[in-house]
Amino acid sequence: MTQQFVSLFLQQNKRAQVGIVVCGVLIFLLLMQRISGPLPWAWLASLVLVSGLRFALTQRLVQAGSAPLRTAAGLLLLTGICLMLPVLAFAVFTDVDRAFVTIVLLTTATASVATTSGYGGLFLWFAAPVLLPLSLAWILAAPEGASTWAMWGMGGLIPIYLAFLVALGRDLFRVFDESCRIRYAERSLNDRLALALEATEQASQAKTRFLAAASHDLRQPLHTIGLLTATLGLRQLDARSREMVLMLGTVNQALSGQLDGLLDVSKLDAGIVKPDMQIHRIEQIVAEHGVAMQAVAQERGLYIRTHGDAQVLVLTDIVLMRRLLGNLTGNALKFTHHGGIDVFVSAADGMAVIEVADTGIGIAPEHQRLIFQEFYQVGNSERDRHSGLGLGLSIVQRLCALLGIALSLASVPGQGSRFTLRLPRVDAPHQAALQGPGPTQSSPAQLDVMVVDDEMDVRQAMRFGLEELGCRVWLADGVAQARDMAQARHIDMVISDFRLRGQENGLEAVREVCALHPKAYALLVSGDTAPDRLQQALAAGISLLHKPVALQELADHVQQAKSTR
Ligand code: ADP
């Protein structure tokens with residue numbers, strides 16, 4: 001508190017000195033008319049000197065002194081005594097002179113309350129030496145023939161005014177004290193908030209790093225298992241082995257799906273998902289989606305029905321929209337045990353409205369906001385624990401933000417949930433048809449493919465898969481080996497892991513091979529989901545596949561490599 005006052009006092013000090021010198025000059029002009037000789041000049045000089053000293057020294061004295069308040073009081077006393085000296089000449093003043101001096105001195109005393117904020121009655125060190133002699137002067141230096149009553153009245157009123165200033169100072173100090181406290185509390189709250197924010201940001205970064213590392217480490221073996229399982233599936237097997245291979249494939253796919261959720265979040269956060277906005281008939285997308293989900297719904301003994309207004313056109317990215325619908329209907333199927341799901345498409349107030357309504361377990365109000373957070377799942381014992389990491393709705397939320405969709409939820413526990421999407425309608429009369437890419441027709445390829453990966457298991461699995469696709473495969477464990485091999489033979493396609501041993505990365509390996517075989521088709525494969533790494537690959541303009549890579553994905557790229565050869 002003292003510290004706050006000191007800084008305020010120092011701030012006001014400069015302004016107060018200017019005020020005192022101005023008042024001094026006014027009184028000096030009066031003295032010049034009433035007193036001849038050097039006295040008025042001497043007084044003005046001493047006042048200016050004291051004010052100048054106060055102006056120059058206060059900061060140093062107050063800040064350096066161990067008792068800043070005592071120093072401030074001393075300086076105020078000195079100024080007060082100096083300013084009061086003209087009162088000694090009261091006897092030679094006319095009535096108007098006296099009134100003038102009185103007003104000036106009362107003004108400075110009043111101002112001193114404000115400049116000291118009434119702190120500890122400090123202003124009295126200035127106001128008392130100014131006003132009390134003034135009061136005495138009115139009583140003792142009464143002019144000839146003046147009314148004694150009036151002189152005593154003036155002399156008495158001045159101390160009363162001083163008492164009034166004391167009360168005013170007390171009130172002012174209370175306000176000052178309160179505002180200091182509020183400011184202090186606000187500042188400490190801000191500091192705490194800043195610290196909490198920093199901690200949250202650090203935790204979030206740590207989480208991203210952890211997820212990227214964990215996902216990378218999990219993707220490596222999963223990638224190998226996936227490729228080996230798919231390759232095995234292409235071979236002649238007895239019925240029992242085929243069944244086991246199928247099961248392996250299903251489990252692998254479920255795991256891959258979960259890791260893909262992490263990847264989607266990273267990609268969306270990294271801002272590298274660029275929507276391809278086209279005009280679409282939203283009812284058509286929804287109807288197709290309904291058909292695609294039919295089998296899953298039937299398997300669970302549920303229905304899925306779509307209802308739509310065929311005239312509703314929207315500008316959207318069809319792939320992302322399907323992903324969004326997939327997450328919502330997937331959840332609806334997961335958390336519904338009786339009845340089923342209705343998806344409605346309608347138009348209202350220039351907006352297209354899509355509603356995904358289920359008759360499932362519902363979501364309690366206290367969870368309705370939280371379920372959009374990453375990894376948040378309602379601790380419901382009825383829940384299907386076999387799938388989902390709690391990322392589905394956070395992906396939905398990010399996709400909605402990307403596609404300009406307003407998302408809302410209404411749900412009653414035990415009765416079901418309704419997720420509503422609202423997006424602007426467009427009026428486009430033509431070409432609102434969907435064009436989905438047809439399934440890739442693979443034909444045996446005779447390509448020379450180089451695989452660069454620092455993990456032997458992954459290299460071998462890739463070899464098995466690619467050989468099954470009819471390629472000749474060359475394996476390299478790093479950039480140097482890739483270069484040596486590329487010098488020795490023709491290469492049609494190079495597939496490199498993004499993160500190689502040491503400081504090497506797949507971009508270097510691809511560049512080395514492509515420098516020797518400019519027409520080679522390049523592909524990067526990565527287990528990393530860290531946003532910066534995704535951006536790096538995007539900037540290099542090379543296709544990037546994410547581990548675990550499905551054999552079909554490899555087959556598609558082999559096919560493309562073949563067609564561009
Ligand atoms: P996940 O489905 O992987 O658990 P989501 O982010 O998709 O993760 O959903 C988070 C949680 O929200 C779910 O675990 C579930 O508790 C709740 N939830 C989402 N959709 C529904 C729904 N249609 N009905 C009931 N609960 C739901």
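The values are calculated or read from the model by the stated rules, or taken from the named source; none is laboratory data. Values in this document were obtained by computation on a predicted structure and should not be read as measured data. A quick note on method: Cβ atoms are made from the backbone with ideal geometry, for glycine too, and the neighbour counts reach across all protein chains shown. The protein model used for the area step is the full one, side chains on, heavy atoms only, and it has no ligands, DNA or RNA in it. Shrake-Rupley method; radii C 1.70, N 1.55, O 1.52, S 1.80 Å.
Convert 4 °C to kelvin, take the viscosity as 1.567 mPa s, use the Kirkwood radius over C-alpha pairs of the range 278-424 as Rh, and evaluate the Stokes-Einstein diffusion coefficient in µm²/s, rounded to a whole number.
84
For the peptides 120-126, 535-541, the ranking by packing is 120-126, 535-541, with the highest mean count of neighbouring Cβ atoms within 10 Å listed first. Each Lys and Arg adds +1 at its Cβ and each Asp and Glu adds -1 at its Cβ; summed about the Cα centre, the range 90-246 shows a dipole of about 1000 debye.
Relative to the longest principal axis of the Cα atoms of the chain, the long axis of helix 551-564 lies at roughly 80 degrees.
A Förster radius of 35 Å, combined with the Cβ-Cβ distance separating Leu132 from Arg60, puts the computed FRET efficiency at roughly 0.70. Rounded to the nearest 0.05, what FRET efficiency do Ala401 and Ala194 give with R0 = 30 Å and r taken as the Cβ-Cβ distance? Could you check? It comes out at approximately 0.65.
Okay, which of the range 538-565 sit inside 14 Å, backbone N to the point 7 Å along the Cα-Cβ direction of Leu237? From the range 538-565, the list is 551. Can you give me the angle between helix 39-64 and the longest principal axis of the chain, using Cα atoms only, in degrees from 0 to 90, rounded to the nearest 10? Approximately 30 degrees, to the nearest 10. Only beta bridges with both residues in the chain are counted; by DSSP, about 55 percent of them are antiparallel. With all protein chains kept in place, the per residue accessible area of the chain amounts to 52 square angstrom at a probe of 1.4 angstrom.
Express in nm, to one decimal, how much length is gained between Ala310 and Val251 on full extension, taking 0.36 nm for each residue of separation and deducting their alpha carbon distance.
Answer, rounded to one decimal: 17.4 nm.
Taking a straight line from the alpha carbon of Lys519, these lysines sit under 18 Å away, with near neighbours fewer than eight places off in the same chain left out: Lys562. Sorting 468-475, 16-23, 93-100 by average packing, meaning the other beta carbons within 10 Å per residue, from highest down gives 468-475, 16-23, 93-100.
Seen against the Cα atoms of the chain and their longest principal axis, helix 506-516 is set at about 60 degrees.
Relative to the current alpha-carbon distance between Lys519 and Leu49, full extension at 0.36 nm per residue lengthens the span by 160.2 nm.
Once R0 is set to 41 Å, what does the formula 1/(1 + (r/R0)^6) return for the Cβ-Cβ distance between Ala270 and Arg15, expressed as a FRET efficiency to the nearest 0.05? Rounded to the nearest 0.05, the efficiency is 0.15.
Note on Asp95 and Ala539: the model spin-label points, each 7 Å out from Cα along the C-beta direction, lie 9.0 nm apart. Placing dummy labels 7 Å off each Cα toward the beta-carbon, the span from Gln258 to Ser204 is 2.6 nm.
Ellipticity at 222 nm from helices only: DSSP H runs of n ≥ 4 in the chain, each -39500 (n - 2.57), divided by the residue count, give -21000 deg cm²/dmol.
Could you please state how large a percent of the accessible area of the range 278-424 is carbon and sulfur, counting protein chains only and using a 1.4 Å probe?
Using a 1.4 Å probe with all protein chains present, the range 278-424 comes out at 53 percent carbon and sulfur.
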